[in-house]
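Here's the structure, in structure tokens; my notes come after.
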Amino acid sequence: MREFEVGGTIVNISAKASADQRGNAVLAGLEPAIFFGFFEELSAIPRGSFNEKQVSDHIADFARARGLEVYQDEIWNLLIKKPGTPGYENAPTLILHGHTDIVCESDEGVEHDFKNEGIKLRVVDDFIHGTGTTLGADNTVGVALTMSLLASDDIPHPPLEVVLTVQEEVGKGGAQHFDGSKLTGKRLLDMNWHDPKSLFAGCAGDISARFKIPLKWQDRAAGQKTAVVRVSGLSSGHSEFDIHLERANAIVLLGRTLRLAMKETAIGVIRVNGGVNRYVIPGEAEALISLDASGLAALKGAIEAEAKAIAAEYSVSDPDLKVTLTESESRASSVFAPETARAMVSAMNLLPNGVQSRSLVVDNLVESSNTVALLYNDQDRIEIVSTIPSAVSSRRYNIVDKIRELSELIGNGATVETFADCPEWPYNPDSRMLAAGRAAYEKEFGEQPHVEVSHSSLELGLFRKKVPDIDMLSIGPEAFDVHTTRERLNHTTVDSTWRLLKALLSELRT
């Protein structure tokens, strides 16, 4: 087994440096060296969503040092322009796209300050991992590929407009904000795909819904015990790429367990929390509850029995799933009013979750889904956030209408507001970019690529809205379990993606 592990990564590694010059770099020796130099350089920079200024400034300085035109907006989106190479000066401009932010999540027991620390890389056989954290290959890959291209002077290409957006992982805020009038190109190549043997040629749109319940409190009864109901150990995963795997949702299972607890004995809810990101299937959720000591043993037994049933239901998709009840030393003085707690539990159990429809046009494609992604409360309200991708806008909005109707039935002041509405990117079999991608792939690898249309919702629908008649395609190396701490990048597939990128650029002379 080939394995390297370090306590940190190295900043400001020159992408053109030799392996010797890079010294103890974790990715030294991997090819293409220019890409892995930039990948490691970026990995050392903290860049969670809303914390992209440092990486944006770093890339802007990199581009200016090469004499390139740079535009940086007030939320740290970047637009970098590079002229076409000889023979391609008058070719149609190509937009290259990636996003600079990553999902920040760590394993239980792993302390990692994502605000100030980069990712600690490991290489195990063919894969690059984080160390107890997400890797951020989504979308460090795309940014490193664009930087590799901008730094190269021997790759033929048309005029380039590189757009690197922020806040992609929290509702595509960067693309929502980006000024599309600054673009002249009508062709776009995105590098946020995860399968090197396919060309990505269409995706769903999505919208998020915030289910809000005003929080009424009451005094906690004297002498009660405090306990934590916890759902953990779930497989989790990307809420769009992995939704067809029918994995368990920790927030939904917490709702199921709290419903059981309310039937078993009188409980008060003190606090709830679940999920990490709107695009992640929740792997953990918990509720802090209050109850009489006399009911604790019976409730523990009931939850243990239910946990066995749940574990059997999800034995294939979530083999490490756990549902537990443990005592806590918390001394909270207030609990949710009973009517508020019941309304919350009803919403957790009745909100649509998982696959909602499958395409009758594209084989084996999920058409629409909903992920109950986040649960939390503050002093004033409980919020449950869902993200709803769909390849058909009317289905997306119909799911929103169902959620609104549920809020009306539940009552107790429950309301729903939507945000981050992103349109779909429909598959176009006559796309010039797709034809160029096919030609480049066949020329480079001697076979036809698979063409993929995905349930995932990328920023490309927004670029389609901002730039009329834009023609788009997406490529990328192999990555697995993105948005989780199991995320890993198959470094052996990066070279083929790099070769495809260069071959595709050569096809875009006209």
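Values quoted throughout were computed directly from the atomic coordinates according to the rules given, and no laboratory measurement underlies them. Fair warning: this is a prediction, and the values are worked out from it, not measured in the lab. Cβ: placed from backbone, ideal geometry, glycine included. Neighbour counts: every protein chain shown.
Rounded to the nearest 5, what % of the DSSP beta bridges within the chain are antiparallel ones? Roughly 80 percent of the beta bridges in the chain run antiparallel, per DSSP. Near the amide H of R187, within less than 5 Å, lie the amide hydrogens of I95, D471, all on another chain or at least 5 residues away, with H placed in the peptide plane.
Note down the net charge around W217, summing +1 for each Lys or Arg and -1 for each Asp or Glu among other residues with Cβ under 15 Å from its Cβ. Result for the local shell: +1. Which of rounded, prolate or oblate describes segment 207-422 when judged by the alpha-carbon gyration tensor and an a/c cut-off of 1.5? It is oblate, given that a/c is not under 1.5 and a/b is not larger than b/c. In straight-distance terms, cross-link reach from K263 covers every one of the lysines whose alpha-carbon lies under 25 Å from its own, apart from those fewer than eight places away in the same chain; here that gives K212, K216, K225, K300, K308, K322.
When each full DSSP H helix of the chain is screened for a Cα extent of at least 27 Å along its own axis and an average Kyte-Doolittle hydropathy of at least 0.5, the helices passing are 293-313. When you restrict to C-alpha pairs under 8 Å that are six or more residues apart and normalise by the size of the chain, the relative contact order lands at 22 percent.
Relative contact order for segment 207-422 using alpha-carbon pairs under 8 Å, separation at least 6, rounded to a whole percent? Mind showing how you got there, number by number?
Numbers: 489 pairs, mean separation 73.4, N = 216.
Value for segment 207-422: 34 percent.
GluC sites (Glu not before Pro) within segment 239-298: which are DSSP loop residues with at most 15 other Cβ atoms inside 10 Å? Loop-located and lightly packed - E246.
For segment 88-137, applying the loop criterion from DSSP together with a ceiling of 14 other beta carbons within 10 Å to the GluC sites (Glu not before Pro) yields E89, E108, E111.
Restriction of the trypsin sites (Lys or Arg not before Pro) in segment 310-371 to DSSP coil positions whose beta-carbon has at most 14 other beta-carbons within 10 angstrom yields R331.
Given +1 at the Cβ of Lys and Arg, -1 at the Cβ of Asp and Glu and no other charges, the dipole of the chain around its Cα centre is 820 debye to the nearest 20. Here's how it looks for S239: its modeled amide H is under 5 Å from those of V280, I281, which are all 5 or more places away or on a different chain.
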